[in-house]
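Report on the structure given below.
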Amino acid sequence: MTLARLADRLTLVQLCGVTQPRGPNLLPKRCAIRDGVVDIRGTLDLLRRAGYRGHFEFELFARDLAGEEVNLAIQMATTDFCNFSTSGA
């Protein structure tokens, strides 16, 4: 099924940035939206064009904060989401 056919069934989309480390034993890791390799702007545009009008949630685990304070990570995620969701719209 395509996203356009499923958009009306979605109620929440979780967003996060993901790093793609180099090396054979390194796994992807969550990071700030602005620091990741995921095309967040394209994903948001695709969801919008498919008719998605639900909620979004930023997902980042404490182990992925890399020493940043939680309130600063939330503030940065909010700013990034607003920037990515309004640019090009």
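Mind listing just one residue for me: the one in the stretch 11-44 that is in contact (Cβ under 8 Å) with a residue 24 or more places away in the chain and surrounded by fewer than 13 Cβ atoms within 10 Å (Cβ to Cβ) and, of those, farthest from the chain's Cα centre (by Cα)?
Ranking the candidates gives THR11 first.
Please state which of the following conditions ALA66 fails to meet, knowing it meets all the rest: (1) on the phi > 0 side of the Ramachandran plot; (2) in a helix (DSSP H, G or I).
Status for ALA66: all satisfied but (2).
For VAL38, work out the one condition from (1) on the phi < 0 side of the Ramachandran plot; (2) part of a loop (DSSP other than H, G, I, E, B); (3) at pLDDT below 85; (4) among the aliphatic types (A, V, I, L, M) it doesn't fulfil.
(3)
I want to confirm something. Restricting to the stretch 1-35 and keeping residues that are of a type in the set (Val, Ile, Thr) and part of a loop (DSSP other than H, G, I, E, B), which single residue is modelled with the lowest pLDDT?
So the first thing to find is which residues in the stretch 1-35 are of a type in the set (Val, Ile, Thr), and the list is 2, 11, 13, 18-19, 33.
Next cut, part of a loop (DSSP other than H, G, I, E, B) only: 2, 11.
Values: THR2: 79, THR11: 91.
Here the residue is THR2.
Name the residues in the stretch 30-89 that are more than 18 Å from THR11 (Cβ to Cβ) and hydroxyl-bearing (Ser, Thr, Tyr), would you? Working first, answer last.
Taking the stretch 30-89 as the starting set, the residues that turn out to be more than 18 Å from THR11 (Cβ to Cβ) are 30-42, 45, 49, 60-80, 82-84, 86-89.
Correct list: THR78, THR79, THR86, SER87.
Being modelled with pLDDT of 80 or more and of a type outside the set (Asp, Glu) is the filter; apply it to the stretch 63-73 and report the residue that is surrounded by the fewest Cβ atoms within 10 Å (Cβ to Cβ). I'd like the intermediate steps shown before the answer.
Pass one, the stretch 63-73, residues modelled with pLDDT of 80 or more: 69-73.
Of the ones still in play, those that are also of a type outside the set (Asp, Glu) are 70-73.
On the way: VAL70: 10, ASN71: 8, LEU72: 10, ALA73: 18.
By that ranking, first place goes to ASN71.
Name the pairs: first residue in the stretch 48-70 and farther than 13 Å from ALA7 by Cα, second residue loosely packed, with under 11 Cβ neighbours inside 10 Å, Cβ to Cβ under 7 Å, at least 6 apart or on different chains?
What qualifies is GLU57/LEU12; GLU57/GLN14; GLU59/GLN14.
From the list LEU47, LEU60, which one is surrounded by 10 or more Cβ atoms within 10 Å (Cβ to Cβ), part of a helix (DSSP H, G or I), of a type in the set (A, V, I, L, M, F, W, C) and out of contact with any Phe, Trp or Tyr (no Cβ under 6 Å at 6 or more places or on another chain)?
On the way: LEU60 fails: part of a helix (DSSP H, G or I).
So the residue among LEU47, LEU60 that is surrounded by 10 or more Cβ atoms within 10 Å (Cβ to Cβ), part of a helix (DSSP H, G or I), of a type in the set (A, V, I, L, M, F, W, C) and out of contact with any Phe, Trp or Tyr (no Cβ under 6 Å at 6 or more places or on another chain) is LEU47.
The values are calculated or read from the model by the stated rules, or taken from the named source; none is laboratory data. Note that this is a predicted model, so its numbers are computed, not measured. Neighbour counts are summed over all protein chains in view; Cβ atoms, including those assigned to glycine, are modelled from backbone coordinates with ideal geometry.
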